[in-house]
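The values are calculated or read from the model by the stated rules, or taken from the named source; none is laboratory data. As the structure is a computational prediction, the values presented were derived from the model and not from experiment. Heads up, the Cβs are rebuilt from the backbone with ideal geometry, glycines too, and the neighbour counts pull from every protein chain shown. Keep in mind that these areas ignore ligands, DNA and RNA; they rest on the heavy atoms of the full protein, side chains included. Shrake-Rupley method; radii C 1.70, N 1.55, O 1.52, S 1.80 Å.
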Amino acid sequence: MLSAPKFLFVPVSTPEGIGEYMRSKIIADEVMNRWPEAQIDFVLNRHVSYIDDCPYSTHLVDDTPTKKTREVNQLITELKPDVVIFDAAGRKAQLKHAHRMGAKVIFISQHRRKRSRGMKIARARVTDSHWVVQPKFIIGDISRFDKFKLAMIKREHPIYTGSIFTSPTNEQKKHLFDKYEIKQGGYLLYSAGSGGHSLKEGLAADLFAQVAKTIFRETGIPSLMVFGPNYPKSLPDMEGVIAIPHLNTREFINLLDGAKAAILSGGDTMLQSIALKTPALAVAISKDQPPRINSCAAANLILACGSDQQEMLTKTRKLIDVQSLNRLQETMAGLDDTNGLDIGMAEIARLIGSLES
C-alpha cells in the first residue's frame, strides 16, 4: 500500500455553513493518523472565516469550489492526487477530470437530492466510492431503477456511513470538563451550526443563546453555547451560559458525548448526537434540514421544533424532562454503534490498495 498517498479535499465552502469542511477535516485528520507521510490539500472559498484554522495546505478560489471548475481541474492537474474527495461538492466535469488524471474519486452526499445526483450515469461512471452520510433508516434505500442503472454500468451501490466523527475519549472529556468546570451529564450543549445562519428574527445563534439564558434561569442547569466561527458579533455575557466562540471537531464531539442533552441545528451535529446517544432537540435553520429532522423525529430519536423562540423554550423544557430523556435514550440504545469514520477509512484503504495492484 502507498506509504505517502496524496489527497485533495473539495468540500462545499460557503460563508453560511461549515459542516462539509468540518467533515472533510475529520477525514483528513484520520488519514494523517494512518498515513503520517500523506500529502493533504484543501480547496476552499477564500471568503470563509475558517481558512486560518485549516492545518493543511489550502488553495483558495473566489466561490464554493463546485462553481470553479477551471481552477479545481487545474489544481488536480498540478497536484496529481491519488484520491479526490468531493464532499457534497463537484461538477460532473470536475469528477471526470479527476478520474481521467488517474485519481480515485469519492463523492459524499448528505440528502436524497445529492445522492440522486451522485448516481447519474455520467457521474457514477467516474466515481469509485459514493458515501451517504446519513443512516439508511433516515434517507431510505435507493430505487429499483437506480439499482438497475448502477448494475448496467457495473458500479457499486452507495455506502451508508451515517455521521462521521472522531470518537470521544475519557481523557479528552476530563480536560474539557476541567476547563469549563462542568461534569458528565450535568450541562446542556447548544449549537446553531457555523454561526452564520440567519432566520427571520435574526441570527440563529442569537436565538439559541436566548433560549439557553432562559432555561438556565428556570432550571439552574449550566449550559455551553457554541456560537461558531462564522458568528459576526462579540460574544454576549450571560449568567449560567458559557459562551464559546468555536470548538474543533474533537472538542465538540467530547462535549456532546458528555452533555445531559443538546439543542442543535438539523445538520450533521444532530446525527452525531444520535450516534452518541445524547438526547437532542433539533431546530431547522436551513432549507435542507426539515426532511432529515422529520425522519429522526418520526423514529423517536430526537425532539424537533421550528425556529420560534417560545416553541424552542417549550420543547427544551420537554427535552430535559426525565421521562422524555429516558424515552429518547431507550430508542437510541437499539441503534448500531458503528462510527461512519471507520467505514469511510476502510473504503479509503481499499482504494489506495487498488492503486498499487
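Could you say whether any residue in segment 147-155 is farther than 23 Å from Phe42 by Cβ, loosely packed, with under 13 Cβ neighbours inside 10 Å and basic (Lys, Arg)?
Step one: of segment 147-155, the residues farther than 23 Å from Phe42 by Cβ are 147-155.
Now narrow it down to the ones that are loosely packed, with under 13 Cβ neighbours inside 10 Å: 148, 151-154.
Narrowing further to those that are basic (Lys, Arg): 154.
Taking every residue of segment 147-155 in turn, at least one turns out to be farther than 23 Å from Phe42 by Cβ, loosely packed, with under 13 Cβ neighbours inside 10 Å and basic (Lys, Arg).
If a residue has to be closer than 22 Å to Ile221 by Cα and either among the aromatic types (Phe, Trp, Tyr) or open to solvent by 50 Å² or more (accessible area, probe 1.4 Å) (or both) to count, how many in segment 309-344 make the cut? Even if it seems obvious, please write down each step before you answer.
Here is the first cut: in segment 309-344, the ones closer than 22 Å to Ile221 by Cα are 309-329.
Next, only the ones that are either among the aromatic types (Phe, Trp, Tyr) or open to solvent by 50 Å² or more (accessible area, probe 1.4 Å) (or both) stay: 309-311, 314-315, 317-318, 321-323, 326-327, 329.
Summing the residues that are closer than 22 Å to Ile221 by Cα and either among the aromatic types (Phe, Trp, Tyr) or open to solvent by 50 Å² or more (accessible area, probe 1.4 Å) (or both) in segment 309-344 gives 13.
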Single residue of Ile164, Ile138 found to be not in a helix (DSSP H, G or I) and not basic (Lys, Arg): Ile164
Glu347 meets each of (1) more than 30 Å from Val83 (Cβ to Cβ); (2) open to solvent by 10 Å² or more (accessible area, probe 1.4 Å); (3) modelled with pLDDT of 95 or more with one exception, condition (1)
Quick check: is even one residue across segment 329-350 in contact with a Cys (Cβ under 8 Å, 6 or more places away or on another chain), over 30 Å from Ser129 (Cα atoms) and assigned to a helix (DSSP H, G or I)? no
For segment 226-243 the number of residues that are farther than 13 Å from Leu207 by Cβ, touching a Ser or Thr at 6+ places or on another chain (Cβ under 9 Å) and of a type in the set (A, V, I, L, M, F, W, C) is 4
Kindly indicate the residue of segment 214-229 that is part of a loop (DSSP other than H, G, I, E, B) and crowded, with 24+ Cβ neighbours inside 10 Å and also farthest from the chain's Cα centre (by Cα) among those meeting that condition. Phe227
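Looking at Gly102, is it more than 30 Å from Ile263 (Cα to Cα) and open to solvent by less than 50 Å² (accessible area, probe 1.4 Å)?
Numbers: more than 30 Å from Ile263 (Cα to Cα): yes; open to solvent by less than 50 Å² (accessible area, probe 1.4 Å): yes.
When the stated conditions are applied, Gly102 passes them.
The rows are residues; the columns are (1) surrounded by fewer than 14 Cβ atoms within 10 Å (Cβ to Cβ); (2) assigned to a helix (DSSP H, G or I).
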{"residue": "Leu8", "(1), (2)": "no, no"}
{"residue": "Ser13", "(1), (2)": "no, no"}
{"residue": "Met32", "(1), (2)": "no, yes"}
{"residue": "Gln74", "(1), (2)": "yes, yes"}
